[in-house]
Amino acid sequence: MRVLVTGAAGFIGSRLCWRLLNLGVEVHGLDDLSRGSAERVKALEKSGMFFHKADVRDKVAVYEILSRVSPDVVIHLAALISVEESIRVPELYMEVNAEGTRKLVEAANRAGSRRFIYASSAAVYGNPVKLPVAEDHPANPLSPYGLSKLIGEKYVASSFMGREKSVILRIFNVYGPGQRPEYAGVITRFMERLSKGEPPVIFGDGNQTRDFVHVDDVVEAFVRSLGAPLDKAIVVNVGFGRPVKIIELAQMMIRLYGLDVDPVYAPPRPGDVGESYADTSLARKILGWIPSIGLENGLRKLIRGEDDGNNV
Ligand code: NAD
């Protein structure tokens, strides 16, 4: 099987590429290296990955690479991922995340790919009106980031013509080794401060909940999506399925670091949702996927640095 992974230099994409190489898949990574790590790509290339440096906004380059590689499956993770940045520069988010996805879907169609797997986000739901959040929950994104991911979904679901259908994974809050602090989620930000003995900063009152899922469980959901038999395009949640309050997370991490500090509070950020956690029953039913790494275990391994995320 030949698989093209966009965003291969990124946090989730690079981890997925390692896993696919270990499964014996022919892996082609695509990334513009604007945010990802060139070192990670070098290590992946040494292990057999083919790398294509390109910007998903560059239609000519994307068409040329896909027609040359002719991948059986395209897994599209390349994106800009910061909610805050998307509020500052919404045009950029629409160009990369929405239009970039459209160009990639068209190129995959031309190249005759059989399946398209798209990394979407729980951000498409916006503020949940019903918990847990199931796939039929209304999609009312609160930020240009969430909207750009939703438009990407629509392009995939309505335009991909491959014979084995598309899979859209709505991923909740991912954590694990190799996440970049600048644009990362709360766990990486807390780690940055706690590793220096400083208290974590909580935006808002800390009662907001998130659904944290380990990157290896997320990678497994992509792997299962490669071969799952489908009779129509599907949208599937990828979360652990358990709400964790940010204050509980802070306390757990303070304990794991063995520190005696109290969290610091800052005003809530625009575009952040209040409460959120996933109904994961569809993923279990359709993909046979069940997340297996509990938060405390995943955090313990992460904090001890048992795995640097560079050669899984
Ligand atoms: P990341 O920033 O680590 O990786 C994204 C990669 O895309 C980077 O290597 C970057 O260089 C590349 N990229 C950015 N713009 C590009 C462009 N114009 N052309 C080509 N490549 C480009 O992010 P991540 O956390 O690995 O996220 C991967 C995907 O998963 C994204 O689509 C994101 O929306 C989705 N997602 C992530 C999370 C999370 O918690 N990390 C949650 C939900 C969804």
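The values are calculated or read from the model by the stated rules, or taken from the named source; none is laboratory data. Not measured: the values here are computed from a predicted model. For neighbour counting, all protein chains shown are included, and Cβ atoms are generated from backbone atoms with ideal geometry for every residue, glycine included. Quick note on the areas: whole protein, heavy atoms, side chains included, nothing else; ligands and nucleic acids left out. Shrake-Rupley method; radii C 1.70, N 1.55, O 1.52, S 1.80 Å.
Quick notes
- Residue under evaluation Asp272, criteria (1) more than 30 Å from Leu20 (Cα to Cα); (2) among the acidic types (Asp, Glu); (3) at pLDDT 95 or above, criterion not met: (3)
- Strands (runs of 3 or more DSSP E) contained entirely in region 178-294, each with at least 2 residues that are open to solvent by 50 Å² or more (accessible area, probe 1.4 Å) and over 24 Å from Ala139 (Cβ atoms): 264-266
- Test: residue in region 177-197 that is in contact (Cβ under 8 Å) with a residue 24 or more places away in the chain, closer than 30 Å to Asp307 by Cα, of a type in the set (Gly, Ala, Ser) and more than 16 Å from the ligand (Cβ to nearest atom): yes
- Residue in region 248-258 that is under 30 Å from Ile117 (Cβ atoms), touching a residue at least 60 places away in the same chain (Cβ under 8 Å) and either out of contact with any Asp or Glu (no Cβ under 8 Å at 6 or more places or on another chain) or not aromatic (Phe, Trp, Tyr) (or both) present: yes
- Those residues of region 113-158 which are part of a helix (DSSP H, G or I) and more than 13 Å from the ligand (Cβ to nearest atom), in sequence order: Lys154, Tyr155, Ala157, Ser158
- Among the residues making up region 113-126, a single one is touching a Lys or Arg at 6+ places or on another chain (Cβ under 7 Å), of a type in the set (A, V, I, L, M, F, W, C) and open to solvent by less than 10 Å² (accessible area, probe 1.4 Å): Val124.
- If you go through region 86-100 and keep only what is part of a helix (DSSP H, G or I), of a type in the set (A, V, I, L, M) and within 15 Å of Arg35 (Cβ to Cβ), you end up with Leu92, Val96.
- Ala98 satisfies every condition listed in (1) near the ligand (Cβ under 9 Å from one of its atoms); (2) crowded, with 18+ Cβ neighbours inside 10 Å; (3) within 19 Å of Leu150 (Cα to Cα) except (1).
- Arg110 being of a type outside the set (Val, Ile, Thr), surrounded by 21 or more Cβ atoms within 10 Å (Cβ to Cβ) and more than 11 Å from the ligand (Cβ to nearest atom): no
- Hits in region 160-177 (condition: open to solvent by less than 50 Å² (accessible area, probe 1.4 Å) and outside any strand (DSSP E or B)): Phe160, Gly162, Phe172, Gly176, Pro177
- Tabulated pairs, region 276-293, first farther than 12 Å from Asp217 by Cβ, second open to solvent by 40 Å² or more (accessible area, probe 1.4 Å) and among the basic types (Lys, Arg), C-beta under 8 angstrom, 6+ apart or interchain: Tyr277/Arg242; Gly288/Arg224
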